[in-house]
Structure formats: structure tokens, C-alpha cells
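First the structure, in the form of C-alpha cells, and then the observations on it.
The values are calculated or read from the model by the stated rules, or taken from the named source; none is laboratory data. Given the structure is predicted, the values throughout are model-derived calculations rather than measurements. Every residue, glycine as well, gets a Cβ built from its backbone with ideal geometry; the counts of neighbours run over all protein chains shown. Heavy atoms of the whole protein, side chains included, go into the accessibility calculation; ligands, DNA and RNA do not. Shrake-Rupley method; radii C 1.70, N 1.55, O 1.52, S 1.80 Å.
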Amino acid sequence: MVTFLLVLTLLAISVGAEDGLNINITILENATAQGAVCLDGSPPAYYLDKGFDSGLSNWIIMLDGGGWCSTIIECQNRSSSIVGSSTKMKNQSMFGGILHNTPQQNPDFYNWNRVRVGYCDGSSFTGDVQEVDPENKLFYRGARIFKAVMEDLWIKGMQNAKNAILTGSSAGGLATILNCDKFKSFFPDDVKVKCVANAGFFINAKTIFGTSYIQEMYHKVVTLHGSAKNLPPSCASAMEPSLVRVFISFFEIKTFSACYINIAL
């Protein structure tokens, strides 16, 4: 299981990294005042490359992926790595793919404000537990990280956005799904807001051994991180939180949430 999550982490971090642009890290030191911290208690971080010309009022925010931690041991292991601590994140991030800054590599978004948000909470930015166990010293505050980062970007110009896209891959894709409505709520109705989840849907099917691994794993994540209160309310009130999903459509609509239960194939 640890090997599988490590592979997911490496894939999510490396997507679109070839021939990109190195962007300096931004550490949100002031976010700790509102309890927005990584698993190890370090402040959250992101990478921002400012837009230019016709892209000055457009924003694309990519949420990093890297699996989840569903037990204290798993979270402890993550807390000393790039997916659990901003102190382990690189001082610079390679911007490639949809974050690239040339029209040849990225014709649609090359001159937008492009952001890569570091993933260091292990819950797809949904956790929020106030208490900190003095023994393991882990913080489950993913939802606060999402809020703190968006508020900081708002001050740095996102408040003037005409177009805004939230995206991510793997665990970042799931984070995009689960935080889409929250992202939309930052903007007035006349701003065009889209959520694009890349590889963020995980089928609730039994494994080859006949076990319900996905549902059981998500149940542990939701319980450990206190995620239930940060899932879309209309969905969480209708079904067990580990089964909550949100369907995101790339159409011109004001709200995005629609609940459904994955059916085992």
C-alpha cells in the first residue's frame, strides 16, 4: 500500500514538468495564526507565476496530488516528506504543461496567473480537526489550508479575476471535485469559474480479493481528518461521508454539486 501511494505521489508531482519554468515558493507564514498548517505543523505553501498581457485577469490554480493518509502511522510517514511538510518542499517548482509560460507549450493559459498549491495535508484539502494529539503531533487541517491559500491569492489579485479555473490530478483531482463549490463561492456570479478534475475519480469497486478497499480507505480518511463537515452539505446529509462524490461538468453553470453513490462493478 505504501509503495502504491508513493507511486501516485511521484506521478502527481512530475506531471507536466518537462521543459518548464522554475517558480519560487511562497510560504504562508501568517496562515498558522488561523491554524492552517501541514501535517507536521509547518505553514502551507504555493508557487505563483503572475499573468501578463491578456491573461492579467485570468487565474488557473492547480492542486497537487499525492495520495492520502488514512492512519496515524501513514500520516506520520508523510509528515517528514514533501506531501506532509512545507519544509520538505522545493524552493522552486517546475511549471510545465497547463502551467507553462509559452504559447507553444500552453496556448490557452500561458499568460494567465498560474498557481501550483503544495499538497501537505493528506486529505485532499478537506480535513479540519482542532485538537492536536501531543503524542503524535499531527495536524489535520487541509480545509483551512485551502481557505488560507485562496484568501492570500485573492489579495494578490484574484479578486479581479474574470476567468478562474481550479484543477488538479489524482488526489488533487479529488480535491478539485470536493472543493469546487467553495472555490466558486469566492467569486461574484459574473466571473466565469470552472473546475477540471484530472484522474480524480476512484471507482468504488471490489478488489481482486473481493474487499471494498476504496470505500474502507475513504472512511478512514474522513474519520481521521474530520472531513465530513467539509464535504458538500447536500451530499453529506444524504449518504455516508466516505461515499460522497461531486460530479463536475465543464459547462457554463453557476453551481456544480450533484450527489451520487458509486456502484460496485
Over the stretch 48-122 - Rg/Rh using Cα atoms and the Kirkwood inverse-distance radius: 1.11
With the crude spin-label approximation of a point 7 Å out along Cα→Cβ, what separation in nm comes out for Thr207 versus Asp190? 5.3 nm
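Which pairs in the list Lys90/Lys182; Lys137/Lys182; Lys50/Lys90; Lys156/Lys182; Lys90/Lys220; Lys137/Lys220 are over 26 Å apart, alpha-carbon to alpha-carbon?
Where the Cα-Cα span goes over 26 Å, the pairs concerned are Lys90/Lys182; Lys137/Lys182; Lys90/Lys220.
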Just the accessible area for Lys147, please: 1.4 Å probe, Å², rounded to the nearest 10? 100 Å²
Which three numbers, in whole Å and largest first, are the semi-axes of the equivalent ellipsoid of the stretch 84-228 derived from its Cα gyration tensor as √(5λ)? 29, 20, 16
Roughly how many debye, to the nearest 20, is the charge dipole of the stretch 90-230 about its Cα centre, given +1 on each Lys and Arg Cβ, -1 on each Asp and Glu Cβ, and no other charges? 280 debye
Provide, for q = 0.13, 0.24 Å⁻¹, the log10 of I(q)/I(0) from a solvent-free Debye sum over equal Cα point scatterers in the stretch 142-228. -0.53, -1.24
For Trp112, Trp59, Trp154, give me the order by solvent-accessible area with a 1.4 Å probe, most accessible first, ignoring ligands, DNA and RNA. Trp154, Trp112, Trp59
Rounded to two decimals, what is the ratio between the C-alpha radius of gyration of the stretch 169-215 and 2.2 N^0.38 Å? 1.58
Determine the relative contact order of the stretch 22-110: mean sequence separation of Cα pairs under 8 Å and six or more apart, normalised by residue count, in whole percent. 32 percent
Ordering of 133-140, 101-108, 31-38 by burial proxy (mean other Cβ atoms within 10 Å per residue, highest first): 31-38, 133-140, 101-108
